[in-house]
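Working notes for the structure below.
Throughout, read-outs are computed from the coordinates displayed, never taken from laboratory work. Keep in mind that this is a model prediction, so the values were computed, not measured. So basically every Cβ, Gly included, is an ideal-geometry build from the backbone, and we count neighbours across all protein chains shown.
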Amino acid sequence: MHFVNVKMASSGVHAGRHIYNKSLIFLNNLELIYPRRALACTASAWQKTALASNGSSEEIVIPRKKTWSKEALLQALTSTVKRDPTAAHYTFQDDSYLTPRTSGEFKLYSLSQESGKAAAKYFINTYPKFFQKDFAEPHIPCLMPETFELQIEEVSEAALVERIQLRKVKAAVDMYDQLLQSGTTLSLDLTNDLLDLICLYGDQDPKDDSDPEQKTEDVVEVQDDPRKRRPRIRRASDIVRVVWKENNNAERIFNLMPERDSRSYGAMIQGMARHEAYDKAFSTYTDLLNNRLTANVHTFNALILASPEVREKYIEKRDLIFELLNQMAEQKVRPNLLTFNAALRALRRCGNMARSQALLIFGEMKALGITPSLASYDHLLGIFYKAASSTQGHTEILQDVLNEISGQSFEPQDPDDVMFFLNAMRVCLEHKDLEAAYRLHSLMQEGENWKLLGDAHQQSMYYGRFFNILCMMEHIDVVLKWYKEMIPSLYYPHSQGMIDLLQALDTDGRLDLIPEIWKDIKQMGHDNKVELVDEMLSLMAREKQSSEVQESFAQCALDVKRRYVPSEFGKPVLEWTANSLGSITSLLLAAEKRQQAWEMMKLFKASNRVPTDALMEDFLSSIKEVQDTNQAVELVQMSARFCLAGTPMLTKRVKEEFVLTEDHRATLSSLEFSSDGNRDLTC
Amino acid sequence: MSASTMCTTALSFTRTNGLCLGNYALSLLSRTATYSTALSTNNGKGFPNRPIRGPRRPKRESGAPRTEKMLENQDWTAVYPSAAPFKPSAVPLPVRMGYPVNRGVPAEKKGNLELMKIPNFLHLTPAAIQKHCDALKPFCTEWPASLDSDAACEEHFPIQLESKEFVSAGSSLRNPKTRVVTLKVKLSSLNLDEHARKKMVKLVDDRYCKETDTLTIVTESCPLRQQNYDYAMYLLTVLYHESWKTEVWEAEKTRADMEEYHWEDSRSQKNVLDTLRRMRVTSEGEEDPGAVREELLGQPEVQEYRESVTRLKNEGETEETMLQYREAVKKLLNV
């Protein structure tokens, strides 16, 4: 419902408009004389001026309507919503059965979602005639089928243009050859476009996931996983490596060209630099200079990136980089952000001397008015903090960087931007700088910076390192708070992370929380990791706790024990170790579950593990409380069977502390004999 | 006992040899000794016992619902930021819904279709609405301070327009109902004289509501809301001008077309005059009928009678009007 000023609504009759401002009496007269001409608007206008002339000082001021962009309202509403720490990633179904609980499940589910989308896209593009009807209003162009098939078949320039646009490298080269053979001269621009296409893709057709014929091509150099989708697993076999072949189509066409301009040279240089033909790139560059042409900024960027590859020593590399930069200034080519980022990236390979140069480059950037992106800072950190170097307390650079960029929100400008948070957190971890870690984390949550965390793998590494440093340095309450907040909604820790958490619990003496952590470990699927379970059990069994805690520990121990028993589905999850057996037994003893502890002792023999002397002593003390002599004697027998060094001690204790019958005494004596006699044979 | 020891020794045998023979081998080993119970495990699904080839993966179990991890002071607007179906694992309330069968209780929330079918407003808690309003405040302008009462709004902005916006999740954003525009105006705020008013009411017929004196024009014939709005304003203007005009044929307005009852020249007047004349006839002889009429009409009883009849006809039959009529008639007839 909105109130409309009727004045604006009148249509057509102009006579009344200019009388709007006139006085009351005149209007009255006008009404009487020309009733037909009086407007609807004058009624209210009359009233409006009446109000004004009635002496009330209030005027109705209708404020100007504000305008905003189409999404502004929605963005304002979304700013009220924060992250829910108990929920899984938003792409998954929010159901307790269907959300992923381990990192493996996370990968599997997200991959399957992507695979489903790709399959749907494949069908839409392969059979476009079934998907022509457009339901969406307004039209959504990205959901309509795309044509990847070539429409124009005859030999013509338009066909070449089409092939270039559809990125069909081989088809474009064939068409070009046919055009040349048929004698048509092609414009320089078109040839340059073709050169750009070939150099970008290194004379291979781009790997097209939706096209199954691509995979059957016999391409030797390309090692690439056609199923590559998010999240990527960083294996060497996954990286696409297209190598520049000798005398390939690009070079051939380049040599055939009647005239070449700077754009052609630029395309060639960039292609060679991109596909690891570095020396050729530099020789082409000298050709370009010999022909007195100037290169553009992208060419220079490619050359700077390639420069560490063509020189061996640090000094030479640095000199080459600076020479290129000087030439850029001479040719009056204005550098951009990517130029400086390339220079910094190349300087990373120049050893320790690059530090001062890097700061010089930053100064240049500021002088030119280019704001550094996160990639620049990442390269800076990489230059100053080499990965295995000794920690010399050089966190000043990190502090300086954080001071400079705190509170800013960055946009993606360089593909290397995503490495910043990861590397910065690694630096914090190595230098054990907790405050810097907190600052970094708050920077990450600023504005749009969360988008620069990278894919799922990089995110999990970042959070893993952050959690690591928290476990090392922070009080347990704070650690637990972060634990609840980050896990498992943000990342799934691996077993080393859980071991860190257990150690943090140990440091602050909160071992009573271990059964809760065990539940989480089970859920995350780390209950089949032997070291983790062993560590947990030994932490629990190390000290004597209060009785409720001991009881909960015993329950936890029984639960753990189930993991070692073969279930109906096959092998047991874990293999028994001496440590685990001993820990579980002592836990059960401490909670006074003697019967179950006794069963555990039998498992020692079954799994060929030897209990410790301390355990036997504990057991004996525990048996003493119930004065079960039979069991005591059996214990000593068992100890003898294991040839434990403490058997004589045990025998003595049993004799002293228990009331023995004749049978018992006889058994004990025989044991002593057998232990003395058979020591060489059985033990 | 012997079977279990056989089993355990078989276990240790397989394990110490480092072989993973699996369940099948295990059962084979134990079957050669005794008729062990290894094969007779009931799968619980009622299936006949199939030979298990290799270790079978255990059936995936449902995890704990995330309500267990929720704190009391959590941010609920983050759990339900927008309209979503009811998720039993995300709502930490012990709700039950359904018909209690067999004298039981209504079904619990887990897997409850009834709870999922109905619309819920979990995303519109008072806290959420407060947050939304705070976020929307920058988009609003200030209300003019002088328009502080309904009467003031009526006075300065007599025309009220209504239109609806629709938001729904679907493939199309368009909804044909958004084009409807409703225009409401009080006739008292328009500059109309008697004739114009009556003509206006006759022109618009049903669209005028007598109790609230409101003219309502609903336009939906054009495809766009802007067009409907223009059309509604055009209609209002045209009605206004037309009602001020007097056509030639309006002079032929009959008594049946009249909106109100006029006593002058009506049957009631005629009847009264006739009655009174007959009452008088005994006294005088022939007289000027016009003067008699005037004289009769001038009498206060006749005036009163006129008032009461007019009132009765215009306002309807109520206690009060009937009483007034009775009094008037009594006075008229000297009863």
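A few points about this structure:
- Counting other Cβ atoms within 10 Å as a rough exposure proxy, the listed residues A:I405, A:I499 run A:I499, A:I405 from fewest neighbours to most.
- Value of D in µm² per second that Stokes-Einstein yields for the range A:249-340, Kirkwood Rh from Cα pairs, at 4 °C (1.567 mPa s): 97
- The GluC sites (Glu not before Pro) of the range A:244-325 that DSSP puts in a loop, and whose beta carbon has at most 13 other beta carbons within 10 Å, are A:E246, A:E259, A:E312.
- When each of the peptides A:367-373, B:83-89, A:635-641 is scored by how many other beta carbons lie within 10 Å of its residues on average, the order from highest to lowest is A:635-641, B:83-89, A:367-373.
- All C-alpha pair distances within the range B:178-266, sorted into 5 Å bins from zero, spread as 3, 13, 21, 21, 16, 13, 7, 4, 2, 1, 0 percent across the bins.
- Averaged over the residues of A:74-85, the number of partner chain Cβ atoms lying within 10 Å of the residue Cβ comes to 6.
- Residue (of A:M268, A:N249, A:I370) at the positive-pole extreme of the range A:238-373, dipole from beta-carbon charges: A:I370
- Gyration tensor (alpha-carbon) shape descriptor, the range A:456-578, a/c threshold 1.5: oblate
- Shape of the range A:525-570, Cα gyration tensor, a/c cut at 1.5: oblate
- For the segment B:129-138, counting C-beta atoms of other chains within 10 Å of every residue's C-beta and taking the mean gives 3.
- Sum of side-chain charges, A:I499 neighbourhood, beta-carbon under 12 Å (Lys, Arg +1; Asp, Glu -1): -4
- Phi to ³J(HN,Hα) by Karplus 6.51 cos²θ - 1.76 cosθ + 1.60 over the range A:99-106, Hz, x for Gly, Pro: 7, x, 10, 10, 5, x, 5, 4
- Listed peptides A:452-460, B:103-111, B:326-334 by packing density, highest first (mean Cβ within 10 Å): A:452-460, B:326-334, B:103-111
- Set A:K386/A:K481; A:K121/A:K484; B:K87/B:K131; B:K210/B:K245; A:K70/B:K137 screened for pairs whose C-alpha atoms are more than 27 Å apart: A:K386/A:K481; A:K121/A:K484
- Cleavage-rule hits (trypsin sites (Lys or Arg not before Pro)) in the range A:248-332: DSSP loop, at most 11 neighbouring Cβ within 10 angstrom: A:R292, A:K313, A:K332
- For the range A:589-675: rounded, prolate or oblate by the Cα gyration tensor [a/c cutoff 1.5]: oblate
- Sequentially through the range A:292-297, phi angles give Karplus couplings (6.51, -1.76, 1.60; θ = phi - 60°) of 6, 9, 10, 8, 9, 5 Hz, Gly and Pro residues having no value and appearing as x.
- Alpha carbon convex hull of the range A:387-514, volume per residue in cubic angstrom: 118
- Diffusion of the range B:76-211 by Stokes-Einstein, at 4 °C in a medium of 1.567 mPa s and with Rh set to the Kirkwood radius over alpha-carbon pairs, works out to 62 µm²/s.
- Other protein chain C-beta atoms within 10 Å of residue C-beta, averaged over B:155-163: 6.
- Residue-wise HN-Hα coupling along the range A:338-343, computed from phi with Karplus coefficients 6.51, -1.76, 1.60 (Hz; x: Gly, Pro): 5, 4, 5, 5, 5, 4
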